[in-house]
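Have a look at the structure below before the remarks.
Values in this text are rule-based calculations from the coordinates and carry no lab data. Owing to the predicted nature of the structure, the values given are computational and were not obtained by experimental measurement. Note: ideal-geometry Cβ built from the backbone for every residue, glycine included; neighbour counts use all protein chains shown.
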Amino acid sequence: MQRGKLIVVSAPSGCGKGTILKEILKDPKFYYSVSATTRKPREGEQDGVHYRFLERADFEERIRADAFLEYAEYCGNYYGTLSAPIEEQRNAGRHVILEIEVQGAMQIRKLCPDAVFVFIAPPSPEVLRERLTGRGTESPDVIEARVAQAEKELSCKEAYDYCIINDVLADAIADLRAIVRSEELKIEKMD
Ligand code: 5GP
């Protein structure tokens, strides 16, 4: 059995990555790594499904206990990938998806050179602002902070292996499936 891939997906918030991943994750060969965060849950978000919502002191305790493969501070909150399930799932042949921001992705690049890095970009900053406003979950200053953050993140896309522009959703989903398929077919080179 082929070992599962580690697929790192980054996208500024509001790029539609949640919708793309929801579709991809209908296939049981994928495993979504549920991150821990100190951000408060948004409406509809469930603990253990979307995130493990932790108090700051608890998160910091786990940093000290080395429980995270990577973690980062983003817009004032901690976000981190708990290491435990990842190896287990990959050894069982499932592709593990990490949905993380750029600083965390760069940590994974150093730790797991065989990971696949996919950046999802909005068609334009205007479209991103419209999508964030339409979602209605954030206040106007949080939206502006996130648009500014997105512009910063877009300048990091060269550090990724693939970039998907999420203009037409069905195309973006097909693009991600094509990337995973080509990674499955790649010949593993011995050093
Ligand atoms: P949001 O608050 O919109 O759910 O997430 C904010 C950002 O944190 C997103 O870019 C998301 O991909 C990123 N993020 C979520 N989980 C993790 C994680 O475990 N580690 C890192 N480094 N970033 C994460």
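Excluding THR38 itself, what net charge comes from residues whose Cβ is under 10 Å from its Cβ, given Lys and Arg +1 and Asp and Glu -1?
Every neighbour counted, the sum reads -1.
So, counting K/R as plus one and D/E as minus one, what does the shell of residues with Cβ under 12 Å around SER124 add up to? Walk me through the numbers before you get to the answer.
Working: positive: ARG129, ARG131; negative: GLU126, GLU130, GLU151, ASP167.
Here the charged neighbours net out to -2.
Determine the sum of side-chain charges near LEU54: Lys and Arg each +1, Asp and Glu each -1, restricted to other residues whose C-beta is under 13 angstrom from that of LEU54.
0
Excluding residues fewer than 8 places away in the same chain, name every one of the lysines whose C-alpha is closer than 24 Å to that of LYS186.
Correct list for LYS186: LYS5, LYS26, LYS29, LYS110, LYS157.
Work out how much length SER139 to GLN2 would gain on full extension: take 0.36 nm times their residue separation and subtract the Cα-Cα distance, in nm to one decimal. Walk me through the numbers before you get to the answer.
Details: separation 137, 0.36 × 137 = 49.32 nm, distance 4.51 nm.
Roughly 44.8 nm would be gained on extension.
Run the numbers on the chain and let me know its relative contact order in percent, using alpha-carbon pairs under 8 Å that are six or more apart. Mind showing how you got there, number by number?
On the way: 276 pairs, mean separation 60.5, N = 191.
Result for the chain is 32 percent.
Given the DSSP H assignment, sum -39500 (n - 2.57) over each helix run of at least 4 residues in the chain and divide by its residue total; what's the result at 222 nm in deg cm²/dmol, nearest 500? List each step's numbers first, then the result.
Values: 7 runs with 78 residues, N = 191.
Computed ellipticity for the chain at 222 nm equals -12500 deg cm²/dmol.
Within the P(r) computed for region 6-185, what percentage of the Cα pairs occupies the region above 20 Å?
Summing the P(r) tail past 20 Å for region 6-185 gives 54 percent.
Between VAL127 and ASN77, what is the spin-label point distance in nm, taking each point 7 Å from the Cα along the Cα→C-beta axis?
2.6
Percent antiparallel among DSSP beta bridges with both residues in the chain, to the nearest 5?
Around 30 percent antiparallel, to the nearest 5.
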